[in-house]
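To keep things clear, I will list the structure first and then write my remarks on it.
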Amino acid sequence: MKIYLFLIFLINVFHIFCQENEEEQRTEQQRLADMMKHDGVKRVVAVTEKNIEKILKKNDIVVVMFWVDNEKATEKLSEKDMNFLEVVAQLFAGRKIGVATCEILTNQKFAKDVGVKYTGMIKIFNKGRISTYYGQRSTDVLFPYLAKTMTDAITIIQTKAEKKQFDANDLPKVVAYVAEKSKELKELRNAALNFQPMIPFYVIHDAKLAKAFHLKKVNTLQLAKPYEKAVTFSSKKGISEEAVVRFVNENKRQRVTKMRLENLHSVWAIDSKGFVVPVFAITKTEEGNRFFSLIRSLSKQFEKSGNLSFIWIDPEPFPAMVDYWSQSFQIDPTKPTFGIVDVHTQTSAWFPVPADEKYVLNDMKKWVNDVLKERIPLAPMTPYQPRAPPENSADDQAETENTSDSGKGNGHGDEL
């Protein structure tokens, strides 16, 4: 009887704990939801060629969305765009981060000088360096992106535990062995600002630890890319911002680029050359991991071809996109599959799923060559028809609107 009562007591305690935990989760979710709501205060400013220098001097980082006022409703700043920008500005209120818009036609010289190519393009001005934000137009993606941009541009590795953190980072990354307080360290920090946060820079000062990275001499560095052999920097002039930036730009192209919420508009860029090879694989599953291993081998065989860009897509971070991919490409993106897409003509072909669902590398290679030689035609993509969203799914609907065009080029407006 006592044991029975004790079990009842434990069950009640566990039930109360679960309720409290669920309540804490609901409270945290509500707090985050409240943070993402605009408070009504207008903080976004309009940038012009006349005031840009003043705005840049006032802030450490300035985010600018460019748009065209040419009487086309599709290219004007929408209420959704403005709300997105206002919330970002609100979250960084009190910090030296400015958020702005810039109308292109009345500021053509400025837009051209900073490399604006299409309406809706977002440029980030960071301590004299200019980069393009290619991520999803949502606050919960841009906010952490900017937060990372505000941190030190380089990370110092001092222990083996920190090396493990370096190894776990699946982004392309630069690692260098330089002396403390050296001019090379300063040049590296300046170079890192050009790529922050999508290509992180790491620095080692200890000779013994540097050997673990195969950096035997001081003032040497490498660009490490996922699933590839590291590329070693070599310059007779030594480490300088200009030389390192050139080195990274020349070698940053990956055999397989992972599509992320932060880069989806660059992997499907309208100015990309050749074809995109989308690869759907959930690598935490056995079949997905096995398939992705074949894809890595396949991409290696075509790495010298500048005509193909392999893009790995794990559909789990993009739940609202699954329906779009299913309709547009007539595939099941939750299962291992790959195809070839021409983003300019909106056409594609998809490798037929084997009857036994066992993929063979030689068959995959032959199929790719057949598509490139036009033995297998590319078919028009099926026009996407959004399904009526269920109640309380405004966030999912917004994600689909922001990302579904990633299969159509830049995703925002027309190319200039």
Of (1) in contact (Cβ under 8 Å) with a residue 12 or more places away in the chain; (2) over 19 Å from residue 238 (Cβ atoms), residue 175 fails just (2)
Taking the range 112-133 and keeping only residues that are aliphatic (A, V, I, L, M) and more than 16 Å from residue 70 (Cβ to Cβ), one is left with 114, 122, 124, 130
Within the range 308-333, restricting to residues that are within 19 Å of residue 286 (Cα to Cα) and crowded, with 16+ Cβ neighbours inside 10 Å, the one that is farthest from the chain's Cα centre (by Cα) is 333
If you go through 299, 305, 234, the only one that is among the polar types (S, T, N, Q) and buried (at least 21 other Cβ atoms within 10 Å of the Cβ) is 299
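Would you check if residue 80 is part of a loop (DSSP other than H, G, I, E, B), loosely packed, with under 14 Cβ neighbours inside 10 Å and modelled with pLDDT of 60 or more?
When the stated conditions are applied, residue 80 does not pass them.
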Restricting the range 358-405 to residues that are of a type in the set (Gly, Ala, Ser) and over 26 Å from the mean Cα position of the chain (by Cα), the one modelled with the lowest pLDDT turns out to be 388
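Name the strands (runs of 3 or more DSSP E) wholly within the range 185-289 that hold at least 2 residues that are more than 21 Å from the chain's Cα centre (by Cα)?
201-204, 220-224
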Residue 279 fails exactly one of (1) surrounded by 20 or more Cβ atoms within 10 Å (Cβ to Cβ); (2) modelled with pLDDT of 95 or more; (3) closer than 21 Å to residue 179 by Cβ, namely (3)
Of all strands (runs of 3 or more DSSP E) fully inside the range 93-141, the set with 1 or more residues that are closer than 19 Å to residue 38 by Cα is 97-103
In the range 93-121, anything surrounded by fewer than 20 Cβ atoms within 10 Å (Cβ to Cβ) and within 21 Å of the chain's Cα centre (by Cα) is listed as 114, 115, 117
- prompt: In the range 162-178, is there at least one residue being assigned by TED's automatic domain parsing to the domain that holds residue 227, β-branched (Val, Ile, Thr), part of a loop (DSSP other than H, G, I, E, B) and in contact with a helix residue (DSSP H, G or I) (Cβ under 8 Å, 6 or more places away or on another chain)?
  reply: yes
Open item on the list: I'd like to know if the range 331-351 contains one or more residues that are in contact (Cβ under 8 Å) with a residue 24 or more places away in the chain, in the same structural domain as residue 370 (by TED's automatic domain parsing) and in a helix (DSSP H, G or I).
Closed with: no
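The values are calculated or read from the model by the stated rules, or taken from the named source; none is laboratory data. Quantities reported herein were computed from a predicted structural model and do not represent experimental measurements. Here the Cβ is made from the backbone with ideal geometry for all residues, glycine too, and neighbour counts use every protein chain on show.
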